[in-house]
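Q: Here it is, the structure in full.
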Amino acid sequence: MSYRGLLRLHILPWFAKAPLGRIEGSHPAVDLRTDRSGVGPGTVRNAYRVLARILQEAENARMIARNPARRVPLPKSTREEMTFLSAEEIGRLADGIDPRHRALILMAGFTGLR
């Protein structure tokens, strides 16, 4: 997702009309761990990076005394273990589809293409 998309969807709606100087570490715009309707940890971390940079620039420009996004704990990425088809399963899949697509299935299956 682009910076603009992260701002529009995950940061700006939480600021509402809060003055910059009143935003604290527990503000929903800063504590991006709050429920975001199924948003994954990676998106939360990306949005946090954008927000932290904005707030750091505000601190550098002396618009705020301290960046409230400093040291906010971020969610850990949880990756499910990937499972792969065996050579036999790839062969059965390739045999079970339209013959025109057999080579595509074999290439994707044996090279790891998604």
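Q: Hey, can you tell me all the residues within region 92-104 that are charged (D, E, K, R) and either in contact with a Leu (Cβ under 7 Å, 6 or more places away or on another chain) or part of a loop (DSSP other than H, G, I, E, B) (or both)?
A: ASP98
Q: Could I ask something else about it? Return yes when PHE110 is out of contact with any Cys (no Cβ under 8 Å at 6 or more places or on another chain) and surrounded by 11 or more Cβ atoms within 10 Å (Cβ to Cβ) and no when it is not.
A: yes
Q: Of all residues in region 48-82, count the ones that are of a type in the set (Gly, Ala, Ser) and more than 19 Å from the chain's Cα centre (by Cα).
A: Matching residues across region 48-82 total 3.
Q: Between a first residue in region 68-88 that is β-branched (Val, Ile, Thr) and a second residue that is exposed (fewer than 10 other Cβ atoms within 10 Å of the Cβ), which pairs have beta carbons less than 9 Å apart while being 6 or more apart in sequence or on different chains?
A: Partner pairs satisfying both residue conditions: none exist.
Q: Only one residue in MET107, MET63 is part of a loop (DSSP other than H, G, I, E, B) and out of contact with any Phe, Trp or Tyr (no Cβ under 8 Å at 6 or more places or on another chain), so which one is that?
A: MET63
Q: Also: Restricting attention to region 21-48, which residues are loosely packed, with under 14 Cβ neighbours inside 10 Å, assigned to a helix (DSSP H, G or I) and modelled with pLDDT of 75 or more?
A: Across region 21-48, the qualifying residue is only GLY42.
Q: Inside region 66-91, can you point out the residues that are in a loop (DSSP other than H, G, I, E, B), under 30 Å from PHE110 (Cβ atoms) and among the β-branched types (Val, Ile, Thr)?
A: THR78, THR83
The values are calculated or read from the model by the stated rules, or taken from the named source; none is laboratory data. As the structure is a prediction and not an experimental result, all values here were calculated from the model. Cβ atoms come from the backbone with ideal geometry, glycine included; neighbour counts cover every protein chain shown.
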